[in-house]
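The next block holds one structure in the form of structure tokens; read it before the comments.
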Amino acid sequence: MSSEQQQPTGEPVYEDRVHRSSMGVVTGVLLLALTAWLCGDAVVRGAGSTPWIALAVALIVVPLIVAFTVRPAVFANADRMRVRNPFRIIELPWAAVDALRSSYSVEVLSGGAKYQVWAVPVSLRERKKANRQQVRVRRGGLMGRGIAEPEAAAAARPSEPQRAAADQIVDELRDLAERGAARPGAQGAARVRWSYEVIAPAVAGVVLLAVLVATG
């Protein structure tokens, strides 16, 4: 549940809603553990330049793993959404959001630009399953084929159509955009910032590895 604060105007402000891929986070943690084990073993047991090469590889790999698995997230509140992608952060006041769409990936359109939302992966399999469930709901289950549906099956059947997780998140963000676009705090243009805290270590690792290979 979001905690509530108070603006100077008296209007309540809620903490950001955060969306990220739980599977991506789990995958990232496992890959980081594997990298730590392999590189750590090379540093401890390696001879010659091997420990330095292992450190250079870790310096390259660790930021990239974090960037593509743990880092991606979407933060949304009443005024704006902030998209944290692997190498960029895009801040979008709701007035600057032209459209949100979910096809093969989740995308935000703003001022002629298109931004992909890495934190919300689209599962076509899950979407097809949800679409089939929606068809069954519209047809009333087995009643659509003229067969009486048992009471237990009718009770178990959800009254509301199922939606894929990515589509549910997009619907929520669209609702926030529609309700917040006219707010004074939701005005302005999109702002994009490169994530040098991810890029710089990886570049340093590449340079270090190139030096070690060239002098090895």
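No value in this document is a laboratory result; all are computed from the given coordinates. Since we're looking at a predicted model, the values are computed, not measured. When we count neighbours, we look across all protein chains shown, and the Cβ atoms used for this are built from the backbone with ideal geometry, even at glycine.
In a simple Cβ point-charge model (Lys, Arg +1; Asp, Glu -1; nothing else charged), the stretch 53-129 has a dipole of about 300 debye relative to its Cα centre. Distance from the Cα centroid of the stretch 183-216 to that of the stretch 57-91 is 11 Å (rounded to whole angstrom). Estimated at 0.36 nm per residue, the fully extended path between Val44 and Lys114 surpasses their Cα-Cα distance by 20.6 nm.
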